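To keep things clear, I will list the structure first and then write my remarks on it.
The values are calculated or read from the model by the stated rules, or taken from the named source; none is laboratory data. What you are looking at is a predicted structure, and each value in this text was computed from that prediction instead of being measured. Cβ sites come from the backbone with ideal geometry, for glycine too, and all protein chains shown count toward neighbours. Surface accessibility is based on the protein's heavy atoms, side chains included, excluding ligands, DNA and RNA. Shrake-Rupley method; radii C 1.70, N 1.55, O 1.52, S 1.80 Å.
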Amino acid sequence: MEIQQLMSLRDELADFLEEFRACFARAEPRLHMASYVRGQLQNLDRKCVEPMALAARVAPRTLQEFLRTDVW
């Protein structure tokens, strides 16, 4: 999905992600989940954590920790 397509779905994606708000007690994991989901939807060459994190302007280690340690 191109970035313009993703941006056009911003409100719908935000509504979808809001359904999972109660799964995370803190704001940081919610933001990391959103970065991860957006990364999965983007047209990236590789769908591993580092390119997704860099595209979201998040430190790769932060997103790796989210996937490794947070319960979701």
Worksheet item: Which net charge results when you count Lys and Arg as +1 and Asp and Glu as -1 among the other residues whose beta-carbon is under 14 Å from that of Cys48?
Response: +2
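Determine the calculated [θ] at 222 nm for the chain from helices alone, applying -39500 (n - 2.57) to every DSSP H run no shorter than 4 residues and normalising by the residue count; nearest 500 deg cm²/dmol.
Numbers: 5 runs with 47 residues, N = 72.
After summing the helix terms and dividing by residue count, I get -18500 deg cm²/dmol.
If the only charges are +1 at each Lys and Arg Cβ and -1 at each Asp and Glu Cβ, what is the size of the charge dipole of the chain around the Cα centre, to the nearest 20 debye? Can you show the working numbers first?
On the way: 10 positive and 11 negative charges, 58 e Å.
My answer is approximately 280 debye.
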Practice prompt. Step through the residues of segment 20-31 one at a time and calculate ³J(HN,Hα) from phi using the Karplus curve (6.51 cos²θ - 1.76 cosθ + 1.60, θ = phi - 60°), rounding each to whole Hz and writing x for Gly and Pro.
Written response: 9, 3, 5, 6, 10, 6, 10, 5, 4, x, 4, 5
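For the chain, with all protein chains present and a 1.4 Å probe, just round the carbon and sulfur fraction of the accessible area to a whole percent. All intermediate terms of the calculation are to be shown ahead of the outcome.
Details: 2730 of 5240 Å².
Ligands and nucleic acids excluded, carbon and sulfur reach 52 percent.
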Practice prompt. For segment 6-12, just list the computed ³J(HN,Hα) in residue order, Karplus coefficients 6.51, -1.76 and 1.60, θ = phi - 60°, integers in Hz, with x standing in for Gly and Pro.
Written response: 4, 5, 5, 9, 3, 5, 5
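Given a 1.4 angstrom probe, what's the average accessible area per residue across the chain, in square angstrom?
Values: 5240 Å² over 72 residues.
Each residue of the chain exposes 73 Å² on average to a 1.4 Å probe.
Tell me, in nm to one decimal, what length is gained between Glu2 and Ala25 on full extension, where the rule is 0.36 nm per residue of separation less the Cα-Cα distance? Intermediate values should be presented prior to the final figure.
On the way: separation 23, 0.36 × 23 = 8.28 nm, distance 3.13 nm.
Taking Glu2 through Ala25 to full extension adds about 5.1 nm, to one decimal.
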Worksheet item: What are the extents of the Cα atoms of the chain along their three principal axes, listed from largest to smallest and rounded to whole Å?
Response: 31, 26, 15
